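*Asks:* Sharing a structure below in structure tokens format, with a few things to ask.
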Amino acid sequence: MKSIQAEYKEKSKKISIKKNAKHEDWASVCQKFNDDVTRICDVKKIEGYTGLFECFDDDNNSSFYLVKEDKTLYQKRRMHFLNNLGFD
């Protein structure tokens, strides 16, 4: 899945692609942030992306990423959920 760093203004709900940002693999981004990611909202106005995620580093600083979600993401989320319940 592709992702790109974004800027998000909470008050106005404005989302834009961060200047000079490069596409990154979403799995690598999640790994970089130790899977401390939260889905913020659906994205419809920026073509090629379906969701906005907030990622937190070890110092609890946040970064935003636009992500093109696909079936793989839903499978990984379900696997992670089941693993937390003790199912392998």
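*Asks:* What pairs come out if I take residues in segment 43-72 that are within 20 Å of residue 31 (Cα to Cα) and pair them with residues that are in a loop (DSSP other than H, G, I, E, B) and among the polar types (S, T, N, Q) whose C-beta lies under 8 Å away, six or more apart or interchain?
*Replies:* 58/34; 67/50; 68/50; 69/50
*Asks:* For residue 25, all conditions in the list (1) over 14 Å from residue 4 (Cα atoms); (2) modelled with pLDDT of 90 or more hold save one; what is the number of the exception?
*Replies:* Answer for residue 25: the failing condition is (1).
*Asks:* Of the residues that sit in segment 11-25 and are assigned to a strand (DSSP E or B) and not polar (S, T, N, Q), which one is surrounded by the most Cβ atoms within 10 Å (Cβ to Cβ)?
*Replies:* 15
The values are calculated or read from the model by the stated rules, or taken from the named source; none is laboratory data. These numbers come from a predicted model, not from an experiment. Note that we place each Cβ from the backbone using ideal geometry, even for glycine, and neighbour counts take in every protein chain shown.
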